[in-house]
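Here is the structure we will look at.
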Amino acid sequence: MTEKLPGTRRLVLTWLILMMLTLLSMMSAQLTNVTTWLPLPLWGAGLILASTGFKVHQILMVYLNLRVSSDGWKGGFLCLLAITLLLIFSGYIAANYY
């Protein structure tokens with residue numbers, strides 16, 4: 001059985017994408033006033049969680065090489081990822097809007 005390992009180009013490109021998404025998350029969480037902590041707007045939290053979901057997906061598929069595993073393993077991990085992100089987002093909504 002031969003495994004298809006990710007090449008150096010794919011690893012570096014994925015790393016660059018992950019770094020750009022991290023910078024995007026950091027910039028979207030900037031405060032408007034240095035002395036006051038403000039909650040993120042709903043769209044900002046959604047953007048950060050979407051970015052985080054994509055980053056986790058890339059780490060699972062490229063760095064952990066889950067893309068060559070069976071559909072059951074991929075589906076299981078992606079369902080757990082979606083459930084986790086939905087729980088975090090619903091907790092954010094509940095804490096800030098109710």
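The values are calculated or read from the model by the stated rules, or taken from the named source; none is laboratory data. Just so it is clear, the structure is predicted and the values come from calculations on it, not from any experiment. Every residue, glycine among them, receives a Cβ derived from its backbone with ideal geometry; neighbour counts consider all protein chains shown.
Quick notes on this structure:
- Note on segment 3-60: residues that are at pLDDT below 85, assigned to a helix (DSSP H, G or I) and either touching a Gly at 6+ places or on another chain (Cβ under 6 Å) or more than 23 Å from Leu85 (Cα to Cα) (or both) amount to 1.
- Answer residue from segment 49-98, given it is hydroxyl-bearing (Ser, Thr, Tyr) and within 23 Å of Thr22 (Cα to Cα) and is surrounded by the fewest Cβ atoms within 10 Å (Cβ to Cβ) among those: Ser90
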